1. Taking only region 122-149 into account, find how many residues are within 20 Å of Asn194 (Cβ to Cβ), surrounded by 13 or more Cβ atoms within 10 Å (Cβ to Cβ) and touching a strand residue (DSSP E or B) at 6+ places or on another chain (Cβ under 9 Å).
2. Determine which single condition Glu114 fails, assuming it passes every other condition in (1) touching a helix residue (DSSP H, G or I) at 6+ places or on another chain (Cβ under 7 Å); (2) among the charged types (D, E, K, R); (3) within 18 Å of Val26 (Cβ to Cβ).
3. Cβ-Cβ distance below 7 Å, separation of 6 or more or different chains: which pairs start in region 103-127 with a residue that is farther than 24 Å from Glu22 by Cα and end on one that is among the charged types (D, E, K, R) and surrounded by 13 or more Cβ atoms within 10 Å (Cβ to Cβ)?
4. Identify, please: which residue in region 77-121 is part of a strand (DSSP E or B) and of a type in the set (A, V, I, L, M, F, W, C) and is, among those, surrounded by the most Cβ atoms within 10 Å (Cβ to Cβ)?
5. Of the numbered conditions (1) open to solvent by 30 Å² or more (accessible area, probe 1.4 Å); (2) touching an Asp or Glu at 6+ places or on another chain (Cβ under 6 Å); (3) at pLDDT 85 or above; (4) closer than 21 Å to Thr73 by Cα, Gly201 satisfies every one except a single condition; which is it?
6. Would you mind finding the one in Phe38, Phe70, Phe80, Phe66 that is in contact (Cβ under 8 Å) with a residue 60 or more places away in the chain and of a type in the set (Phe, Trp, Tyr)?
7. Tyr152: assigned to a loop (DSSP other than H, G, I, E, B), of a type in the set (Ser, Thr, Tyr) and open to solvent by less than 10 Å² (accessible area, probe 1.4 Å), yes or no?
8. Working only within region 140-161, note down all residues that are more than 28 Å from Tyr82 (Cβ to Cβ) and polar (S, T, N, Q).
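The values are calculated or read from the model by the stated rules, or taken from the named source; none is laboratory data. Predicted model only: the values in this text are computed from it and were never measured. With ideal geometry, Cβ positions are generated from the backbone for all residues, glycine too; neighbour counts draw on all protein chains shown. The area values use the complete protein model at the heavy-atom level, side chains included, leaving out ligands, DNA and RNA. Shrake-Rupley method; radii C 1.70, N 1.55, O 1.52, S 1.80 Å.
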Amino acid sequence: MKLSVVIPVYNEEENINLLYEELKGVLNSLEHDHEILFVDDGSSDGSLSLLEKIQKQDQHTVVVSFRRNFGQTAAMSAGFDYATGDVIVTMDGDMQNDPHDIPMFLEKMDQGYELVSGWRHDRQDPFLNRRLPSMIANKVISVVTGVHLHDYGCTLKTFRKEITQGIRLYGEMHRFIPAIASGVGGKITEVKANHRSRRFGTSKYGISRTLRVVLDLMTVKFLLSYATRPIHVFGTLGLLSGGSGFLIALIMTIQRMFFDVPMGNRPLLLLAILLILMGMQFIYMGLLGELQVRTYHESQEKPIYVVRKVFGRQDQKDQEE
């Protein structure tokens, strides 16, 4: 088995050499072939120069350099694309993730799991602006996605290569990887991981990312539940809206015909018309979504299912060999 350790780096020149030496010691103690894949996310300090020096000295190291800062999600996606290992380990470049936890994660993978996610149970970050928002976000994400984890934000994770091949990341979706992996049938678990205080540099994250997380959570929920059947969500909204408007209009019509209650001067009539029009628009959106889904899948010959393994087929056996 070969390991690929993916590390996004953004302005971490004080940490790079220390992290490399500590990580290399852990990897050399394992019985697996390995590679360390640094993804420089457009650093403006001396991070890239240090990474280039490390790469020249160590043939097991690969450096992917972005032209500008694209964010951690893009760095993770690039790491998945360039990794050649059977198992991929992701971790931060700020030394807050402990490389000595990697063997424990690999032991958990040996139990049949395809994704092992870290849980910073003793997190060494400020409470009000880091830990409290994270606790709330983890609870909300768990409820919305149905994948219950204590810590979605922990970068220290291990993946089977085949799981990452089915994951496409955009926006700020790297924190939703467990939920996305669950959507393609990945077997997921969570283990406690050691979390260390930051020694050098400053955090690149703040409370301002909360809005982006909420928007991406809505996207993930839609993709997990309705990606292949958008008419179900938009059609349901359309029927509820249009049905409510029709019911209001019907009641007002009955009142006008049998109880001589005027309609023209009542704001409720405008509300009924608005709800009916909104219902029609939602249904149109659902139908357009259905057309786009079919174009997406059929033009790329992309299946709407994910196969774990095929039993009893000779061609499948030959492919695995």
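1. Step one: of region 122-149, the residues within 20 Å of Asn194 (Cβ to Cβ) are 122-127, 130-131, 134-135, 138, 149.
This time we only want the ones that are surrounded by 13 or more Cβ atoms within 10 Å (Cβ to Cβ), so: 123-125, 130-131, 134-135, 138, 149.
So of that shortlist, the ones also touching a strand residue (DSSP E or B) at 6+ places or on another chain (Cβ under 9 Å) come out as 123-125, 149.
Of the residues in region 122-149, 4 are within 20 Å of Asn194 (Cβ to Cβ), surrounded by 13 or more Cβ atoms within 10 Å (Cβ to Cβ) and touching a strand residue (DSSP E or B) at 6+ places or on another chain (Cβ under 9 Å).
2. Tallying (1) touching a helix residue (DSSP H, G or I) at 6+ places or on another chain (Cβ under 7 Å); (2) among the charged types (D, E, K, R); (3) within 18 Å of Val26 (Cβ to Cβ), Glu114 fails exactly one: (3).
3. Hits for this filter: Gly112/Lys187; Tyr113/Lys187; Glu114/Arg160; Glu114/Lys187.
4. Looking at residues that are part of a strand (DSSP E or B) and of a type in the set (A, V, I, L, M, F, W, C), I get Val89.
5. Every condition holds for Gly201 apart from (3).
6. Sole residue among the options that is in contact (Cβ under 8 Å) with a residue 60 or more places away in the chain and of a type in the set (Phe, Trp, Tyr): Phe80.
7. yes
8. Ser142
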